[in-house]
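All remarks here apply to the structure that follows.
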Amino acid sequence: MIKMTQTRGKGDKDNVCFADAVLNPSASFGGLYTFSTLPHLTPHILREFENLTYKELCKRVFELLDLGLSEELLEFALHTYDAFDDERTPVNLARYDENLFVLELYHGPTRAFKDMALQPFGRIVQTLAHGKDYLILVATSGDTGPATLESFAQEKLGKDCSIKVVCLYPKDGTSDVQRLQMVTQDSTNLKVLGIRGNFDDAQHTLKSLLQDSEFVGFLQSKGIELSAANSVNIGRVAFQIIYHIWAYCQLCKNGVLTRTESLNIIVPSGNFGNILGGFYAKKMGVPIGKLISASNANNILYDFLTTGVYDIRHRQLLKTSSPAMDIIKSSNVERVLFELFGAQRTKECMRSLQDKGMYALDSVELGAVQEYFAASFCNDMQCRELIAKSFAKGYLLDPHTACGIKAYEDFVKLEGGEKFVLCSTAEWSKFAPNVAEALGARNGLEDREAIEFVLSLDKKQKLSPHIAEVFEKPIVHNEVVDIAKVKNAIMQWLK
Ligand SMILES: *Cc1c(COP(=O)(O)O)cnc(C)c1O
């Protein structure tokens, strides 16, 4: 069984096994736990993978990663995929055109890719907790919150569940459906708090609470351990490696890719957790060409990946039609820095980001990053145009995935004949007003009207019952607090 290593080096906390890093994700010096070694997937192994089911692939890769989870536990966790649209395969790979395939990652209960990791994650955490009381914090830009709440709702985990979840979301920073998915979650072990601030504020609050001795002491006095469900948690990232490998193997199996060709993967990115899964897959030897990060107008990742400078000093977070990517402080970039440049350099960069608001890679380092990554971004107007254009071709996109189409259009010209996979991160129904507007509806439709509008245009679409029900359920969480009051609000709730 491998030990997880730490992105900023070993300080007061030890390297621990995967299970312990899942339960207690904050590492020394404010860093993250990450894999200390990765297995090498030879062409022979990849060929074997082509004949596995999605779940079998997941079990094989976890075994090769040597994470020390028992087969029974993983099996139990993967059963959550049975409730996805197609019980045999949680994801769907759709052909978009000659060179582009869309890997639809949103077929789970909350209609965004977060379910891919958070559905099994819930069962893993519950089992590893062994009946101990845990508080799990989650900060969301819109989709992690619903997926975490769904995964930890009391009725899903059984009445004896010892896990409580507090979810922080930016009050005006999510779509209506996303907000309703959270504030209608009626379960006594769940608390949802709107905060006056944006996602970066929410994530920052979460990270400070993990380090806050008064808060941790208060929890200890009540016998409660603290954890987090953001992609700072390596447990989520592990599940996000699998579908990148799956897509590659399926395209080989179907003869779309020859075994000497490589595949480019486009990922609409915010906190960089999804694309990080692709990065690990490439490091493990999967023939991935470039991992292309697609941003919206908050294009700090584009700047970083093209110039090597990560600079937040003059950035204001912009509100866009793809709110799950309205992020400036992208947490998982740190794991890439660690993998490429080691703990010392990562610690230095992260300290510089904290103290000076920026860090800069040198040209050799930038070259190393660009061996793996390329980048593109898309403004809201281009996003609307691409939704309309794709729809005319017969494919309905959500605004996040549309940013990925922009990346495809930018890169396909350069790479004659190469194949691309675009990770589709959400279903259109979560962002119906923006999608309807792109398809010609008048401005300012309410979510339900917008959904009706889209359904009337596209007879192939069916509304998921999971989305339909959020409009019917009563709102049970209406507390909105200032950032400075979050700690008190949580302590109050636990009393
Ligand atoms: C979370 C999310 C993203 C960004 O994913 P990261 O792993 O944070 O980069 C993109 N699109 C949607 C719809 C999301 O929910």
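The values are calculated or read from the model by the stated rules, or taken from the named source; none is laboratory data. Being a predicted model, the structure only gives us computed values, none of them experimental. Every residue, glycine among them, receives a Cβ derived from its backbone with ideal geometry; neighbour counts consider all protein chains shown. Please note that ligands, DNA and RNA were not included when accessible areas were found on the heavy atoms of the full protein model with its side chains. Shrake-Rupley method; radii C 1.70, N 1.55, O 1.52, S 1.80 Å.
In the list R351, R315, which residue meets the criterion of being under 30 Å from V177 (Cβ atoms), open to solvent by 50 Å² or more (accessible area, probe 1.4 Å), charged (D, E, K, R) and more than 16 Å from the ligand (Cβ to nearest atom)?
After ruling out the rest, the residue left standing is R315.
Of all residues in segment 381-412, which are within 15 Å of the ligand (Cβ to nearest atom), open to solvent by 10 Å² or more (accessible area, probe 1.4 Å) and not hydrophobic (A, V, I, L, M, F, W, C)?
K406
Please enumerate the residues belonging to segment 318-348 that are touching a strand residue (DSSP E or B) at 6+ places or on another chain (Cβ under 8 Å), closer than 18 Å to G173 by Cα and either among the polar types (S, T, N, Q) or surrounded by fewer than 22 Cβ atoms within 10 Å (Cβ to Cβ) (or both).
S322, the sole residue that qualifies.
Quick check, is E56 outside any loop (DSSP other than H, G, I, E, B) and under 22 Å from Y134 (Cβ atoms)?
Judged against the criteria, E56 is not a match.
Quick check on my filter: what residues within segment 329-343 are within 14 Å of the ligand (Cβ to nearest atom), modelled with pLDDT of 95 or more and not polar (S, T, N, Q)?
V333, E334, R335, V336
Residue by residue through segment 186-206, note down the ones that are open to solvent by 10 Å² or more (accessible area, probe 1.4 Å), closer than 11 Å to D482 by Cα and either assigned to a strand (DSSP E or B) or aliphatic (A, V, I, L, M) (or both).
Listed by number, the list holds a single entry, R196.
Out of segment 24-44, which residues are part of a helix (DSSP H, G or I) and under 19 Å from T205 (Cα atoms)?
Result: S28, F29, G30.
Just to be sure, is F279 aromatic (F, W, Y), within 22 Å of P399 (Cβ to Cβ) and either open to solvent by less than 30 Å² (accessible area, probe 1.4 Å) or within 13 Å of the ligand (Cβ to nearest atom) (or both)?
In short, no.
Each row is one residue, and each column tells you yes or no for (1) open to solvent by 10 Å² or more (accessible area, probe 1.4 Å); (2) in contact with a strand residue (DSSP E or B) (Cβ under 9 Å, 6 or more places away or on another chain).
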{"site": "L57", "(1), (2)": "no, no"}
{"site": "A83", "(1), (2)": "yes, no"}
{"site": "K132", "(1), (2)": "yes, yes"}
{"site": "V138", "(1), (2)": "no, yes"}
{"site": "F152", "(1), (2)": "no, yes"}
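So which residues in segment 231-274 are basic (K, R) and within 12 Å of the ligand (Cβ to nearest atom)?
R236
Whether any residue in segment 253-274 is among the aromatic types (F, W, Y) and in contact with a strand residue (DSSP E or B) (Cβ under 6 Å, 6 or more places away or on another chain) is what I want to check.
No, every residue in segment 253-274 fails to be among the aromatic types (F, W, Y) and in contact with a strand residue (DSSP E or B) (Cβ under 6 Å, 6 or more places away or on another chain).
Considering G417, G444, which residue is of a type outside the set (A, V, I, L, M), surrounded by fewer than 16 Cβ atoms within 10 Å (Cβ to Cβ), under 30 Å from T307 (Cβ atoms) and away from the ligand (no atom under 16 Å from the Cβ)?
Only one candidate qualifies: G417.
Filter segment 466-479 down to the residues that are among the hydrophobic types (A, V, I, L, M, F, W, C) and surrounded by 15 or more Cβ atoms within 10 Å (Cβ to Cβ) and list them by number.
Residues satisfying the conditions are I467, V470.
Within segment 78-109, how many residues are small (G, A, S) and in contact (Cβ under 8 Å) with a residue 40 or more places away in the chain?
Total satisfying the criteria: 1.
Just to check your reading of the model, which residue among A360, A375 is touching a strand residue (DSSP E or B) at 6+ places or on another chain (Cβ under 9 Å), open to solvent by 30 Å² or more (accessible area, probe 1.4 Å) and within 26 Å of R335 (Cα to Cα)?
It is A360.
Mind checking which residues of segment 75-108 are over 20 Å from the mean Cα position of the chain (by Cα) and closer than 13 Å to A238 by Cβ?
none
Does F304 count as under 23 Å from the mean Cα position of the chain (by Cα), more than 16 Å from the ligand (Cβ to nearest atom) and not basic (K, R)?
When the stated conditions are applied, F304 does not pass them.
Considering every residue within segment 245-258, establish whether at least one is under 27 Å from Q154 (Cα atoms) and among the charged types (D, E, K, R).
no
Can you give me the ranges of the strands (runs of 3 or more DSSP E) entirely in segment 70-159 with at least 3 residues that are within 16 Å of the ligand (Cβ to nearest atom), out of contact with any Pro (no Cβ under 9 Å at 6 or more places or on another chain) and within 30 Å of K413 (Cβ to Cβ)?
Hits in segment 70-159: 100-104.
For residues that are away from the ligand (no atom under 15 Å from the Cβ) and small (G, A, S), scanning just segment 366-380, find the one that is farthest from G278 (Cα to Cα).
Going through the qualifying residues, I end up with G367.
Quick check on my filter: what residues within segment 59-69 are open to solvent by 40 Å² or more (accessible area, probe 1.4 Å), out of contact with any Leu (no Cβ under 8 Å at 6 or more places or on another chain), assigned to a helix (DSSP H, G or I) and in contact (Cβ under 8 Å) with a residue 24 or more places away in the chain?
none
Given the criteria open to solvent by less than 10 Å² (accessible area, probe 1.4 Å), in contact (Cβ under 8 Å) with a residue 24 or more places away in the chain, away from the ligand (no atom under 16 Å from the Cβ) and of a type in the set (A, V, I, L, M), does V286 qualify?
Answer is yes for this residue.
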